[in-house]
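First the structure, in the form of structure tokens, and then the observations on it.
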Amino acid sequence: MPTSPPKVGLFVTCLVDLFRPNVGFSAIKLIEQAGYSVDVPEQQTCCGQPAYNSGDVPTTRELARQVMTAFENYDYVVAPSGSCASMLKFHYVELFKDNPVELEKAQHFAQRCYELTSFLTEICEMKQVTANFPHRVTYHDSCSGLREMGIKQQPRQLLNSVTGLNLVEMKESETCCGFGGTFCLKYPDISTRIVSDKVANIHHTDAEVLTAGDLGCLMNMAGRLSRTGSKVQVYHVAEILADMTNIPAIGEAEGE
Amino acid sequence: MQINSPQFKQRATVALQDMRLQKALSKAKGGFIDKRLAAISALPEFEALRERGKAIKQHTLENLDFYLERFESKVIAQGGKVHWASSSEEACQLILEISRAANAKVITKGKSMVGEEISLNEALEADGFKVVETDLGEYIIQLAHEPPSHIIAPAVHKTREQISDLFHEHHQQYGLTQKLDTVPELVNEARTVLRSQFLSADVGITGANFLIAETGSTVIVTNEGNGDLTNTLPRVHIVMTSIEKVVPTLNDATTLLRLLGRSATGQEMTSYTTFTTGVRREGELDGAQEFHVVLLDNGRTTMLGDEFKDMLRCIRCGACMNHCPVYGSVGGHAYGWVYPGPMGSVLTPLMIGLKAAQDLPNASTLCGRCEQVCPMKIPLPTMLRQHRINAYEQDLMPTRARWALKIWAYLAKRPALYQKLASIKIGILGFLGGGRGSFRYLPFAGAWTKNRDFPAPQGKTFMAQWKARKSA
């Protein structure tokens, strides 16, 4: 443990900010448990992905600069999302590849960026968490986290240390859930078909709880589960690891 | 081939409701994915092979003029001829001229996606030639008057029952009276009918998987042997292919062949791998007396110099579409032209124009699985995004989406304002939710709530809670 703990800046992500603050507070709790001090720079809104994936590079660059400036003074930048973390770590560098000064800044920034569970396991060397969740749980591998950030074992390792938790693998856990950011709004029928396949695979596991590392995917799957009358509950992986599952699951009403 | 890409959305909706198509798709999907995985798992050096394959293609593309000229000189030395076509029209014209000069009546064809790209069948039939597709899948869709829906399995969208019906309808002229039920019966029926066509053909047209610069050979892979009968029996053999298929040496081709079969069908090798080198030599028992290679550009040399260069590494294995959740949901016809799936969504806008094919690069979740399985490591998601960037720059985005993006961007660049408004908006949503957990309907979010509930926000925004906590 370092004598003066390194400073972590939490990149909240826009979806967590708007729809599930509990994920942000869960992340803070976990990082603090690991012995680091966490702050949340207020000059943050979104990583820029909606603009980037819509082809609007100028706006994306402006948002990237805003994020990099907001997190200038932190040793680490941690996001409870593989998708946003990947945007920060890999795509900002792409955005500035034609400008040597900004490229260097983006590269320096990229080195400090982590997704939450990989930060906990790889940087904090956390082996286990203090949480209790006596349920049968299945984990969905969100695409960017899996394929760009290499997140696969990190969340599973930590989930397996949760007291009472029984982790079961679903078929095709690495197949996209059909969220895809604005994709699900532009092509709702195709998205529905993809998420329906995912829901079928979730049900085959007989899991009581679905979890993943990205709120977008979770809201998509929770929305479909809820629409089809499923009893499967949905929590972000940070909420389970931080033992902060004492609130209704995503999309679930009080006392349901 | 008719261009239907502008109707992607409508075609996708139809496809999603077509139960027979959905059945055919789900059956095919698992097969392709599992077989590929088994084949590459059995080959520890697969990853190294991918790197080698990529390097071969990159080197060739950087020296494309050199290798193409070398290929041409070797073809000529073997008694053949190379024809250069800059456009689809030119390519069709060249083939028409060769076929007319050969006094051809019947033309047999091996499967060729470049043939589909240039609408070759339409051109030949309009000129009075009888064209017979000899690849079973291509034969089936020729009977059905449909375009292919997959680059290596053109009739993958058809169920066995549909094929049985097609044969029953079209083969009565050959004496077929009853409906055939089993796959072997159907294959035998096609084989019998096609055999007589092979023997009567004057010209055989095949594609090429690779062209070998050091020998002037063309290479095709098939599982039916139809390619061999197409290129050895008729007097004239025409290879209709495109310029990026060239590789320097025989050795290079074998490296790529090891990647191709495994990635495409999970086979170590296809049943037939045929190298054709020039015309029939003296004393040889078979082979064409005339050997023509038509090399198509159709926009490929432009790609060499722009951000889509990596796409020219594609060896047409189809792994990207086999693993694509969107292709797996809607099938190939929804894409509206020759090349479907991720590789098609990159290529089609380059060949028919971004405006007409605008939906294709957008209809992707950018999940990245295509790049993960691509044997040539083509950064498909990056190129799909590049099309979106180009569309944005060319002002092709629908007005409503553009304005939504503008308003969002205005706010996202002003954190204080953004947080204030977010806090109000989320407060209203939370109030409307009233502890319900999920919305079954939300104004302005109909696309989401049509088939999904919208999880209600938890309460105050994170930022509002964080600020309150810090000042407390």
Can you go through B:LEU68, B:LEU21 and tell me which one is within 19 Å of the chain's Cα centre (by Cα) and either closer than 28 Å to B:MET269 by Cα or assigned to a helix (DSSP H, G or I) (or both)?
B:LEU21
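Is it true that some residue in region B:346-357 is in a helix (DSSP H, G or I), more than 15 Å from the chain's Cα centre (by Cα) and within 14 Å of another protein chain (Cβ to nearest Cβ)?
Checked region B:346-357: no residue is in a helix (DSSP H, G or I), more than 15 Å from the chain's Cα centre (by Cα) and within 14 Å of another protein chain (Cβ to nearest Cβ).
Scan region B:175-191 and tell me whether some residue there is within 23 Å of B:LEU295 (Cβ to Cβ) and surrounded by fewer than 22 Cβ atoms within 10 Å (Cβ to Cβ).
Kept after step one, since they are within 23 Å of B:LEU295 (Cβ to Cβ), are these residues of region B:175-191: none.
No: region B:175-191 contains no residue that is within 23 Å of B:LEU295 (Cβ to Cβ) and surrounded by fewer than 22 Cβ atoms within 10 Å (Cβ to Cβ).
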Between residues in region A:1-18 that are at the interface with chain B (Cβ under 10 Å from one of its Cβ atoms) and surrounded by 14 or more Cβ atoms within 10 Å (Cβ to Cβ) and residues that are at pLDDT below 95 and assigned to a loop (DSSP other than H, G, I, E, B), which pairs lie under 9 Å by C-beta distance while being six or more apart or on different chains?
A:LEU18/B:PRO457
Filtered residues of region A:7-55 (kept if part of a loop (DSSP other than H, G, I, E, B) and either among the small types (Gly, Ala, Ser) or not assigned by TED's automatic domain parsing to the domain that holds A:PHE71 (or both)):
A:ALA34, A:GLY35, A:GLY48, A:SER54, A:GLY55
Name the single residue, out of those in region B:443-458 being part of a loop (DSSP other than H, G, I, E, B) and surrounded by 17 or more Cβ atoms within 10 Å (Cβ to Cβ), that is farthest from the other protein chains (Cβ to nearest Cβ).
B:ALA456
In this structure, does B:ARG440 turn out to be more than 7 Å from every other protein chain (Cβ to nearest Cβ), surrounded by fewer than 15 Cβ atoms within 10 Å (Cβ to Cβ), within 37 Å of the chain's Cα centre (by Cα) and of a type outside the set (A, V, I, L, M)?
no
B:ILE426 passes all but one of the listed conditions (1) in contact (Cβ under 8 Å) with a residue 12 or more places away in the chain; (2) crowded, with 19+ Cβ neighbours inside 10 Å; (3) not assigned by TED's automatic domain parsing to the domain that holds B:PHE454; the exception is number (3)
Residue match in region B:379-391 (condition: more than 7 Å from chain A (Cβ to nearest Cβ) and not in a helix (DSSP H, G or I))
yes
Unmet criterion (only one of (1) surrounded by fewer than 24 Cβ atoms within 10 Å (Cβ to Cβ); (2) of a type in the set (Val, Ile, Thr); (3) in the same structural domain as A:SER142 (by TED's automatic domain parsing)) for A:VAL237:
(1)
Consider A:THR245 against the criteria (1) away from chain B (no Cβ under 14 Å); (2) touching a residue at least 60 places away in the same chain (Cβ under 8 Å): it satisfies all of them except one. Which criterion is unmet?
(1)
Among the residues of region A:230-256, the number that are closer than 20 Å to B:THR449 by Cα and modelled with pLDDT under 95 is 3
Screening B:ARG369, B:ARG385 for residues that are among the basic types (Lys, Arg), crowded, with 21+ Cβ neighbours inside 10 Å and in contact with a His (Cβ under 7 Å, 6 or more places away or on another chain) leaves only B:ARG369
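Per-residue answers, yes or no, for (1) under 21 Å from B:THR348 (Cα atoms); (2) surrounded by 21 or more Cβ atoms within 10 Å (Cβ to Cβ):
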residue	(1), (2)
B:CYS92	yes, yes
B:ALA101	no, no
B:LYS109	no, yes
B:GLY115	yes, yes
B:ALA126	no, no
B:PHE129	no, no
B:THR134	no, yes
B:TYR139	no, yes
B:PRO148	yes, yes
Among residues belonging to region B:10-41 that are of a type in the set (Gly, Ala, Ser), in contact (Cβ under 8 Å) with a residue 24 or more places away in the chain and more than 21 Å from B:PRO154 (Cβ to Cβ), point out the one that is nearest to the other protein chains (Cβ to nearest Cβ).
B:ALA38
Condition check: within 8 Å of another protein chain (Cβ to nearest Cβ) and acidic (Asp, Glu). Does A:GLU42 satisfy that?
yes
Hey, can you tell me all the residues within region B:238-257 that are among the polar types (S, T, N, Q) and within 24 Å of B:GLU97 (Cα to Cα)?
B:THR241, B:SER242
If you take the residues in region B:199-247 that are hydroxyl-bearing (Ser, Thr, Tyr) and outside any helix (DSSP H, G or I), which one is surrounded by the fewest Cβ atoms within 10 Å (Cβ to Cβ)?
B:THR215
Just to be sure, is A:SER196 surrounded by fewer than 20 Cβ atoms within 10 Å (Cβ to Cβ) and closer than 19 Å to A:GLY229 by Cβ?
yes
So for region B:249-270 (the condition being in contact (Cβ under 8 Å) with a residue 40 or more places away in the chain and assigned to a strand (DSSP E or B)), does at least one residue qualify?
no
For A:ILE123, work out the one condition from (1) buried (at least 19 other Cβ atoms within 10 Å of the Cβ); (2) touching a Phe, Trp or Tyr at 6+ places or on another chain (Cβ under 7 Å); (3) of a type in the set (A, V, I, L, M) it doesn't fulfil.
(1)
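The values are calculated or read from the model by the stated rules, or taken from the named source; none is laboratory data. Note that the structure is predicted; figures quoted are calculated from it, not measured. Reconstructed Cβ throughout: ideal geometry from the backbone, glycine too, with neighbour counts over all protein chains shown.
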